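The values are calculated or read from the model by the stated rules, or taken from the named source; none is laboratory data. Fair warning: this is a prediction, and the values are worked out from it, not measured in the lab. When we count neighbours, we look across all protein chains shown, and the Cβ atoms used for this are built from the backbone with ideal geometry, even at glycine. Heads up: the accessible areas ignore ligands, DNA and RNA and are worked out on the full protein's heavy atoms, side chains in. Shrake-Rupley method; radii C 1.70, N 1.55, O 1.52, S 1.80 Å.
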Amino acid sequence: MSSALEFGIDTFGDVTPGPDGQLKSHAQVIRDVVEEGVLADQVGLDFIGIGEHHRPDYAISAPDTVLTAIAAKTEQIRVGSAVTVLSSDDPIRVFQRFATIDAISNGRAEVILGRGSFIESFPLFGYDLQQYEELFEEKLDLFMKVREQNPVTWSGSTRRSLTDQDVFPHVENGLLPAWIAVGGSPQSVIRAAGHGLPLMLAIIGGDPLAFKQFTDLYRRALPELGHPQLPVGVHAPGHVAETDEQAFEDSWPLFGKYFSKIAIERGGRAMGEGQFRAQVGADGAYFIGSPETVAKKIVRVVKGLDLDRFDFKYANGPMEHGKLMKSLELYGTKVVPLVREMLA
């Protein structure tokens, strides 16, 4: 674990209700997310990640554009994707967009690359799901070559080859920071190590310490594949309120429906309240509770997995903007100092 543990937040821009109880427009949700990013900067958080989705329950399909707005209104917080679905995007355009954000933010841009947990982008942009693995492998390989900021010569089967082609704009200082996000498969972990990129684990169920097998595998693989030890982070859902009872009351009606909907779409079953309470418990994957409760859970996972960054996914279903803002405020002003104190 790095001595300078970092604390981030993530959101997909979940569509939220307004004061009248009706769901807000996508446009208003996007403006709310910008406001949440500004607050995250004000309370001293290190990073905000915005996810890419192409479905009605999420407002954000172009995270880089929203990140540009946040970058222009903030001073310290780093801005990045969570994640960029590289398989259905163009790696050169991904680099160009985030290099541009890096310029606007004076070096605060990051990109977290992944295959995504939804598949809507494939038919939307004309990609064949049969090429799921091939697309990601080839596009990641091309992105890594472009990231070096030298003229690129590359060939593959999913797009035309390049010969001595430079890509602009160049990043001002060093390489564009990039991570690989994985859901917990050994192959994905080894891929991240092979490319020499930091690892971001998405933990949305079970005991987070069960993922130690993957952090250990990653750290063993890095030197074997010719790379130094690199940062490891975790992305996990949660909500902070003044008390455990309030946090549960805020969360259960929304989290339960949110995760049940996703599970049913994928052939699973709806979540019951008992299952939800188990995930909220001391060894569950949901970081829901008072600042003290959430801080203790974070400390357990940071120590158990030897983490360098913890990204708190603060929006999970149609929770009111005001409650999201309060959760962010408590996370930055109460949870983070408590975690640092406990670790010290």
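Okay, residues lined up against (1) in contact (Cβ under 8 Å) with a residue 60 or more places away in the chain; (2) over 16 Å from Arg191 (Cβ atoms); (3) small (Gly, Ala, Ser):
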site: Arg108; (1), (2), (3): no, yes, no
site: Ser121; (1), (2), (3): yes, yes, yes
site: Gln130; (1), (2), (3): no, yes, no
site: Lys139; (1), (2), (3): no, no, no
site: Asn150; (1), (2), (3): no, yes, no
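Is it fair to say Arg269 is open to solvent by 20 Å² or more (accessible area, probe 1.4 Å), at pLDDT 95 or above and not acidic (Asp, Glu)? I'd like the intermediate steps shown before the answer.
On the way: open to solvent by 20 Å² or more (accessible area, probe 1.4 Å): yes; at pLDDT 95 or above: no; not acidic (Asp, Glu): yes.
When the stated conditions are applied, Arg269 does not pass them.
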Any residue in segment 108-118 that is over 16 Å from Arg159 (Cβ atoms) and among the aromatic types (Phe, Trp, Tyr)? yes
I'm checking my understanding of the structure. Among residues of segment 1-31 that are under 22 Å from the mean Cα position of the chain (by Cα) and in a strand (DSSP E or B), which one is nearest to Pro253 (Cα to Cα)? Asp14
Residue within segment 313-324 that is of a type in the set (Lys, Arg), in contact with an Asp or Glu (Cβ under 7 Å, 6 or more places away or on another chain), outside any strand (DSSP E or B) and touching a residue at least 24 places away in the same chain (Cβ under 8 Å) present: yes
Val34 vs. criteria surrounded by fewer than 23 Cβ atoms within 10 Å (Cβ to Cβ) and assigned to a helix (DSSP H, G or I): yes
What about Leu330, is it out of contact with any Phe, Trp or Tyr (no Cβ under 8 Å at 6 or more places or on another chain) and either among the charged types (D, E, K, R) or part of a helix (DSSP H, G or I) (or both)? yes
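Could you list, in sequence order, all residues of segment 42-64 that are in contact with a helix residue (DSSP H, G or I) (Cβ under 7 Å, 6 or more places away or on another chain) and charged (D, E, K, R)?
The answer is Glu52, Asp64.
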Close pairs from segment 92-105: first touching a residue at least 60 places away in the same chain (Cβ under 8 Å) and more than 18 Å from Gly49 (Cβ to Cβ), partner open to solvent by 10 Å² or more (accessible area, probe 1.4 Å) and in a helix (DSSP H, G or I), Cβ under 7 Å, at least 6 apart: none
Tally of residues being exposed (fewer than 15 other Cβ atoms within 10 Å of the Cβ) and either under 26 Å from Tyr127 (Cβ atoms) or touching a residue at least 40 places away in the same chain (Cβ under 8 Å) (or both) across segment 152-168: 8
Would a scan of segment 232-241 turn up a residue that is without any contact (Cβ under 8 Å) to a residue 40 or more places away in the chain and farther than 20 Å from Pro208 by Cα? no
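When segment 37-57 is examined, which residues are found to be hydrophobic (A, V, I, L, M, F, W, C), open to solvent by 20 Å² or more (accessible area, probe 1.4 Å) and assigned to a helix (DSSP H, G or I)?
From segment 37-57, those hydrophobic (A, V, I, L, M, F, W, C) are 38-40, 43, 45, 47-48, 50; that's our starting set.
Next cut, open to solvent by 20 Å² or more (accessible area, probe 1.4 Å) only: 38-39, 43.
Answer for segment 37-57, where residues must be hydrophobic (A, V, I, L, M, F, W, C), open to solvent by 20 Å² or more (accessible area, probe 1.4 Å) and assigned to a helix (DSSP H, G or I): Val38, Leu39.
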Starting from segment 277-290, keep only residues that are without any contact (Cβ under 8 Å) to a residue 40 or more places away in the chain, then list their pairs with residues that are not charged (D, E, K, R) and not in a helix (DSSP H, G or I) whose Cβ atoms are within a distance under 8 Å, requiring at least 6 positions of separation or different chains. Ala278/Gly284; Val280/Tyr286; Val280/Ile288; Val280/Gly289
From the set of residues in segment 74-117 that are of a type in the set (S, T, N, Q) and open to solvent by 30 Å² or more (accessible area, probe 1.4 Å), which is modelled with the lowest pLDDT? Ser117
What residue, of Arg300, Arg266, Arg219, Arg277, is within 23 Å of Leu86 (Cα to Cα) and among the charged types (D, E, K, R)? Arg266
